[in-house]
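First up is the structure itself, then whatever we jot down about it.
The numbers here are math on the coordinates, done by the rules we state, and not lab data. In this text the structure is predicted, and so the values were computed from the model without any measurement. Positions of Cβ are backbone-derived with ideal geometry, glycine not excepted, and every protein chain shown enters the neighbour counts.
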Amino acid sequence: MVDSTLVLNGQTIAYTAYTIAIMSIMAWFAVAVTKKGKSTIVKPAIFYVWVGFLVVLGVSLHIATAHTIPWKHMDLNRAEITADKTFDISVENHKYILPSGKLIIDVGDKVMFNVRSNDLTYGFGLFREDNSMLFQMQVVPGHLNDIMWQFVKPGIYSIRSTEYSGPAGIQMIEKNVVVVKEPENRPAE
Amino acid sequence: MSFINTLMNGEGGTFKPDSQTSLQKIALRMVIFGLIFYLMTAVEGMIMRIYQIEPISQIEPKQFFAIMTAHPLVGIFGSTYNIVFGAFLFLVPFLMKKPIWSIKLANWTFLLITIGTFIFWTAGFISHYAPLYTLYWPLPADFEQFSVVGGTIFILGIAILMVGAVFFVINIFKTIMYTPEGWEKQPSRSLLASALGVSGVENIFKRKNKRKEHLVSLPVAAIARGTVDVALNSGIILFTGVLILVYMVAAILGYDLKESAIDALLYKNWFWWGLDLVADGLVLIFVAGTWYLLATLITGKQLFMQNIARAALLLELVVSWTVWSHHLMSDQAQPGFLKVFSGEMVTAFELITQGLAFFIVLATLWSARPLKMTNPLKFLLGGLLGFALAVPAGIMQADLGLNRILHNTQWIIGPHVHVAILIGLSMTLYSAIYILLPILTNGGKWYSNKLANIHFWGHLIGGIGMGAFMGMAGLKGMLRRTIYFEGEYNLYMILAGICGALLLISFLVFFVNIVMTVGINGALGIFKKSKLDTREALPA
């Protein structure tokens, strides 16, 4: 499974290229529409080509990500996938209650995080040491909130609430509690 | 003319409030208060920008989140609702050449929106009630974190505002449908069918020679269709407000109602369905309708592909009822079907409907070249650019794969929300203000084109820049709705802060321009009763 940083880098490049292109087109249009010249009626055919382009663009984004972002498929089918490891976590009074002090994971493992809230709506996100996000989900009370993730490289992650739960929620950070190691470093059970 | 004279009497003394109809005065009152609320929103935004660079010691986190709660509500309801409703209460009678149904109700719309906004803002400021605009259950009823009395007043303020919105809805539809005194009987049902697009849909299945003519113009149809979403949204927010009030009143009376009686996910679906009628409904429909009106006013030509534009507005209305699930893509208990169908697929239609409107406006402008680069035209182009930037940013977020790593980051609130509102929506509204002010003031002249240019460039660069730097921080993992105490994203936040300051300065420049245009006496005159006994838009 590719790392989410790679996906974000791809998105950054694509969106930056798009913004440069659209701003250039608008700047050109602003100049051209004020320049002396023949006023021309745009042909309906061009309009319909544009409509077709938008349809293709709108649909192809999701098709493209379905084939290139691996966690999308895993997320929709997580009920049918057997997890290598499962962590049951609960949240109450703006505090995560973890099954152990550190959550130890082997590289390559598919891990299921089951998170339950006993009071408010919270978030559950894993963050790298440089504060960038690995993934997140919402934690809604009264429902099972589960997410499956395959860890592709070693690392240390913090758990942080990604949803506002009142001013008390800003301290909802469990620093460096998720440790992903190479399999040979697996501690004895 | 001296500076003081212009300040008191407006540019060239051309604006005479005594010549205004009641409707012109109401529209301008709503614009003025809309701009005052915009200023409050901008100042709040600037405080939050500074706070994200370095938390201000005099402002506690709970005050910060109270600001964060008030900021979008004052911006959307206090500012945008006032400006848009004021403009549309004037434009529907103006475009239909028909008196408004009720001046009194229009005045009540203005008063209730304005008073309601002041009430909830003050309650939030004093009591720090801060469940954010999303009100995720059971946070609004969490009385361990929030004052129950403050919250009650806050919710009452919102409810008062929504009643004002309901009055707007009634007035708009009644104006479209009613028969004014002394007029030939109006075909109410046909007018309504034309405004809502029913007759347009019927036409698709009829032969060319049997097709009905459109009874209302395209901008009026756009206003009517957006107003449907205003009605539905007001209903949802009022109902939700009553629900929260039940818990609050019970708490005040000493009863502790079980919060688990409300299913948090069902509530979230319900509330987002209502909220999205604003964000992905009436805003997009009203904006597209305003673009069409502006394009025809600027060019004096018919709109390119008029019938398609009409159909797209109807499609947009239907789309707005079915896209809410893109806000729940990170909610794992949300059914996968809703995530894919409503969240991804239907949401992609917004790219199509907004893309159509974008093309139609550009093609209409192109058909009239060479055009003079007037203030309305440049702000209209800015508005088009804003949505061209913001809609794709939102479509990317509304993808199951990307949402997993973008949800609740600064990406969504920067390049999508703020660019859509500040550049797309606000610049469209500014374009409308620049073109409508002379009509609303019966020939008032703008004070300074130089100031208008500073306003344009400051707003454009500030808005896009702020959105971009927030987005860059979001891609690096910076969340929205939280506070960073260690300066983790300082580089991006300082740059976003500079752009935010540019936005605020450009607004102040615009404010000076508008004050110098109407003058202090003129501004005060707007709030005096009209001497003309008419419900018409313009004086005879």
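The Cα center of the range A:131-182 and the Cα center of the range A:44-86 differ in position by 25 Å.
Note on the protein assembly as shown: Kirkwood radius taken over Cα pairs, Stokes-Einstein applied at 20 °C and 1.002 mPa s, translational D equal to 80 µm² s⁻¹. Here the protein assembly as shown carries DSSP beta bridges of which approximately 70% are antiparallel, counting only pairs with both residues inside.
When only the Cβ of Lys, Arg, Asp and Glu is charged (+1, +1, -1, -1), the dipole of the protein assembly as shown relative to its Cα centre reaches about 3500 debye.
A simple count of charges around B:ILE352, restricted to other residues whose Cβ falls under 14 Å of its Cβ and scoring Lys, Arg +1 and Asp, Glu -1, yields -4.
The label-point distance for B:LYS16 and B:VAL43, in a model that sets each label 7 Å from Cα toward Cβ, rounds to 3.6 nm. What would the Debye formula give as log10 I(q)/I(0) at q = 0.10, 0.11, 0.18, 0.19 Å⁻¹ for the alpha-carbon point model of the range B:127-264, no solvent? Cα-only, vacuum Debye calculation for the range B:127-264: -0.53, -0.60, -0.96, -1.03. Taking θ as phi - 60° and the Karplus parameters 6.51, -1.76 and 1.60, the scalar couplings of the range B:56-73 work out to 7, 5, 6, 10, 6, x, 5, 6, 4, 6, 5, 5, 5, 6, 6, 3, x, 5 Hz in sequence order, x denoting glycine and proline. The long axis of helix A:44-68 is offset from the longest Cα principal axis of chain A by roughly 20 degrees. With viscosity 1.306 mPa s and temperature 10 °C, the Kirkwood radius over alpha carbon pairs of the range B:66-172 converts through Stokes-Einstein to a diffusion coefficient of 109 µm²/s. Annotation: amide H-H contacts under 5 Å for A:ILE89 (H modelled 1.01 Å from N, sequence separation of 5 or more, or interchain): A:ASN114, A:VAL115, A:ARG116. If only the Cβ of Lys and Arg carry +1 and only the Cβ of Asp and Glu carry -1, the dipole of chain B around its Cα centre is close to 2140 debye. Measure up B:LYS445/B:LYS531; B:LYS378/B:LYS476; B:LYS16/B:LYS450 against 31 Å on the Cα-Cα distance and list the ones that go over. Table pairs above 31 Å Cα-Cα are B:LYS378/B:LYS476.
Can you compute the label reach from A:LYS153? Point 7 Å from Cα along the Cβ direction, backbone N cut-off under 17 Å, restricted to the range A:113-130. It comes to A:127-130, nothing else. For the pair B:PHE337 and B:ASP263, a Förster radius of 25 Å applied to the C-beta separation gives a FRET efficiency near 0.85, rounded to the nearest 0.05. Summing charges over neighbours of B:MET329, with a neighbour being any other residue whose Cβ is under 11 Å away from its Cβ, gives -1 when K and R count +1 and D and E count -1. Straight-line cross-link reach from B:LYS174 at under 15 Å between alpha-carbon atoms covers these aspartates and glutamates, not counting any fewer than eight positions away in the same chain: B:GLU536.
For the range A:56-134, trypsin sites (Lys or Arg not before Pro) meeting the loop criterion (DSSP other than H, G, I, E, B) and having at most 15 other Cβ atoms within 10 Å: A:LYS102.
Take each residue in B:481-489, count the other chain C-beta atoms within 10 Å of its C-beta, and the mean is 3. Averaged over the residues of peptide B:314-325, the number of Cβ atoms from other protein chains lying within 10 Å of each residue's Cβ is 0. Within the range A:97-125, whose backbone N sits under 11 Å from a point 7 Å along Cα→Cβ of B:GLU144? Once the point is set 7 Å along Cα→Cβ of B:GLU144, A:118-120 turn out to lie under 11 Å by backbone N, inside the range A:97-125. Couplings for the range B:167-177, taken from phi via the Karplus curve 6.51 cos²θ - 1.76 cosθ + 1.60 with θ = phi - 60°, read 4, 4, 4, 4, 5, 5, 5, 5, 4, 5, 9 Hz in order; Gly and Pro are left as x. The range B:80-102 and the range B:215-232 have Cα centres lying 12 Å from one another.
With the convex hull of its Cα atoms as the shape, the range B:320-384 has an orientation-averaged projected area of 5.5 nm². Mean separation of Cα pairs under 8 Å and 6 or more residues apart, divided by the residue count, gives the range A:83-185 a relative contact order of 30 percent. When you filter the GluC sites (Glu not before Pro) in the range B:200-283 for DSSP loop state and at most 16 other Cβ atoms inside 10 Å of their Cβ, you are left with B:GLU213. Applying the Karplus relation 6.51 cos²θ - 1.76 cosθ + 1.60 with θ = phi - 60° to the range B:115-122 yields 3J(HN,Hα) values of 5, x, 5, 4, 5, 5, 5, 5 Hz, where x marks Gly and Pro. The alpha carbons of chain B occupy a box of 65, 60, 51 Å along the principal axes, longest dimension given first. Descending by average beta-carbon neighbour count within 10 Å, the peptides B:295-304, B:431-440 line up as B:431-440, B:295-304, the highest first. For peptide B:330-338, the mean count of partner chain Cβ atoms within 10 Å of a residue's Cβ comes to 6. Packing, taken as the mean count of other beta carbons within 10 Å per residue, orders the peptides B:313-319, A:4-10 from highest to lowest as B:313-319, A:4-10. All distinct Cα pairs of the range A:83-185 go into the 1/r average, and the inverse of that average, the Kirkwood radius, is 13.7 Å.
Here's the picture: a label point sits 7 Å out from the Cα of A:ASN114 along the beta-carbon direction, and within the range A:145-186 the residues with their amide nitrogen under 19 Å of it are A:145-150.
Helix A:4-32 and the longest principal axis of the C-alpha atoms of chain A enclose an angle of approximately 20°. Take the Kirkwood radius over Cα pairs of the range A:4-68, plug it into Stokes-Einstein at 25 °C and 0.890 mPa s, and you get 165 µm²/s for translational diffusion.
For B:THR409, the residues whose modelled amide H falls within less than 5 Å of its own, excluding neighbours fewer than 5 places apart on the same chain, are B:ARG480.
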